[in-house]
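Structure first, commentary second.
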Amino acid sequence: MNGDDLSAVAVLNDPVRRAVYEYVVAQGREVGRNEAAEAAGVQRTLAAFHLDKLVEAGLLESGFKRLGERTGPGSGRPAKVYRRAPGEWQVSVPSRDYRTLALVLAEAVDLLGGDERAEEAARRAGRRLAGGRGEPGPGGSGGSGGSGGPGGSGGPGGQDPSRGREGAAGGPDAAGMLGDSGDLDDLLRRRGYEPYEEDGRLRLRNCPFHVLAEEHPLLVCSMNLALCRGLLEGLGRDPGRARSDPRPGECCVSLSIDNDN
């Protein structure tokens, strides 16, 4: 941990600022001041103040964009918009450096050619994280044996402002669309994946292993897919519902809401 990490995270101590931040990052697109103010239930000037503070801290980045459908003369000046910054911040007291160890272990797996065993271990970990230690769910083991964890963080207590008026990420509420699979949505959310529903699939806006995936993409993405399939197995669901489905800026895995997608 360094001073910049601590300062950036400390900015979120203000509940209104944290609500504004969580709403913006959940949208996956640029958000204007009016929209952020409405979502947080505050005046536009106050929302603008908090948004700019988040930019100063490096948690958001800003730009200018014309909002609405009008273009050309008479459409007005571009509005200031905000979206999540690409940086990553970690706080540990006392300081811990698990990232370096993870990079070393990933390098060792690459050097030793242990990809299949790494995937098997990730799948077992997924089952344990889901609380499943018995038989795999419907669909079989899909290539991993044995019985059946990365810690993410959820939102603050109380109402989740990131859901806004339309649910998390500005689309339909993923938990509501999932019905009895809402426990999967909750599990993924607590692991930091930021799930949202789109076209019958549960997409994952955030990659919890982004730094590792940049260094070892094939290994980490295959382990991530195995982990997600293990999570499904641990919940008694078909692991085949998780598939590799990369999209720029998001996790490389998506999951079908039902067995037909």
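In table form, for the structure just shown:
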item: Criterion violated by Ala48 - all others in (1) of a type in the set (Gly, Ala, Ser); (2) at pLDDT 95 or above; (3) surrounded by 20 or more Cβ atoms within 10 Å (Cβ to Cβ) satisfied; result: (3)
item: Matching residues, the stretch 78-103, being basic (Lys, Arg) and farther than 21 Å from Glu56 by Cα; result: Arg96, Arg99
item: Conditions (1) over 30 Å from Leu227 (Cβ atoms); (2) assigned by TED's automatic domain parsing to the domain that holds Leu212; number of the one not met by Glu35; result: (2)
item: The stretch 44-65 residues that are under 13 Å from Val25 (Cβ atoms), paired with ones that are aliphatic (A, V, I, L, M) and in a strand (DSSP E or B) (beta carbon under 8 Å, 6 or more apart); result: Leu51/Leu60; Leu54/Leu60
item: Among the candidates Gly137, Gly146, Gly142, Gly72, residue that is assigned by TED's automatic domain parsing to the domain that holds Leu187, surrounded by fewer than 16 Cβ atoms within 10 Å (Cβ to Cβ) and modelled with pLDDT under 90; result: Gly146
item: Residue that is nearest to Pro78 (Cα to Cα) [pool: residues in the stretch 1-45 that are modelled with pLDDT of 95 or more and basic (Lys, Arg)]; result: Arg33
item: One residue from Ala26, Ala10 being in contact with a Lys or Arg (Cβ under 8 Å, 6 or more places away or on another chain) and either more than 12 Å from Ala57 (Cα to Cα) or in a helix (DSSP H, G or I) (or both); result: Ala26
item: Residue within the stretch 97-118 that is more than 30 Å from Pro217 (Cβ to Cβ) and either crowded, with 17+ Cβ neighbours inside 10 Å or among the β-branched types (Val, Ile, Thr) (or both) present; result: no
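The rows are residues; the columns are (1) within 30 Å of Ala26 (Cα to Cα); (2) in the same structural domain as Arg191 (by TED's automatic domain parsing); (3) not polar (S, T, N, Q).
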position	(1), (2), (3)
Val91	yes, no, yes
Ala102	yes, yes, yes
Ala106	yes, yes, yes
Leu111	no, yes, yes
Arg123	yes, yes, yes
Ala130	yes, yes, yes
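The values are calculated or read from the model by the stated rules, or taken from the named source; none is laboratory data. Just so you know, these numbers come straight off a predicted model, no measurement behind them. No Cβ is skipped: glycine too gets one built from the backbone with ideal geometry, and neighbour counts run over all protein chains shown.
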